[in-house]
Amino acid sequence: KLLLNDISIYKKVHDSLSGKREREFVAILMQRYEIENLKVVLRLWHSKEPVKAEDYVLAEMIKFDIDYKRIASAETIEEVIVLLDKTDYKEPLLVARDKFKSTKSLFYIEASLDIDYYNRLTACIGAFSATDKRVASKILAIEVDSENIQWLIKIRKYFCLALSDMLEWFMPGGSIISKNALGSLYAPDGIARVIESIALGLLLFAEAEQQH
């Protein structure tokens, strides 16, 4: 219910905006919920769990009319891709398909969906006014840093992949974490140190905005 309420708020904000670019930005933000739905169903598909996909996703359509039930019962990744035709999610799956087929790891598919999502947000922000672009870019950079940290944790805890895999699918655009810094995050206290840095970055950002 909380997620559905969030989506409802996004829709109200979207409908109240007059600018085409601003409406597009909010529409992309709403797709985050759709991407998470798709990830859940892809995990069910990958695990071949005999469950009902509709029990695990939000019932409300966000942007695309996706047949999650058919995706969950698909035989191959190619069939999944066909089912996502005419959506924003077909292309990222095509990008990750070969890597997924050679490793059988969903990491590459999920990471590709995230990279595409943030690339589209970044492109949208690029058309904002100078002031809006500055503020939105700083907020987005913090989000990207957070996502990269989450992926690093997942790689170490669930996927057991090498650092090179993280570098290949690293999401650009963060304000603190860079490819060069990722190596140090494999140290025992690496992730804790970066989280502290991001928290400090958020505080400094808030203080700087108050001064304007």
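The values are calculated or read from the model by the stated rules, or taken from the named source; none is laboratory data. What you are looking at is a predicted structure, and each value in this text was computed from that prediction instead of being measured. Note that we place each Cβ from the backbone using ideal geometry, even for glycine, and neighbour counts take in every protein chain shown. Surface areas here come from the heavy atoms of the whole protein model, side chains and all, with no ligands, DNA or RNA. Shrake-Rupley method; radii C 1.70, N 1.55, O 1.52, S 1.80 Å.
Brief remarks on what is shown
- Evaluated over the range 83-143, the Cα radius of gyration and Dmax, each in Å: 14.7, 45
- Cα shape, the range 1-42, gyration tensor, a/c 1.5 rule: oblate
- Solvent-accessible surface of the range 1-154, averaged per residue with a 1.4 angstrom probe and all protein chains in place: 53 square angstrom.
- Listed residue (109, 30, 121) projecting farthest to the positive dipole end of the range 1-145, Cβ model: 121
- Shown in residue order for the range 58-73 are the 3J(HN,Hα) couplings computed by the Karplus curve 6.51 cos²θ - 1.76 cosθ + 1.60 at θ = phi - 60°: 5, 6, 6, 6, 9, 10, 10, 8, 8, 8, 5, 4, 5, 5, 4, 9 Hz (x for Gly and Pro).
- Mean Cβ neighbour count within 10 Å, used as a protection proxy, ranking 67-74, 10-17 highest first: 67-74, 10-17
- Accessible surface of residue 43 - all protein chains present, 1.4 Å probe, nearest 10 Å²: 90
- Apportionment of accessible area to carbon and sulfur, the range 68-114, percent (1.4 Å): 48
- Per-residue ³J(HN,Hα) for the range 106-116, Karplus 6.51 cos²θ - 1.76 cosθ + 1.60, θ = phi - 60°, Hz, x for Gly and Pro: 6, 3, 5, 5, 5, 5, 5, 4, 5, 4, 4
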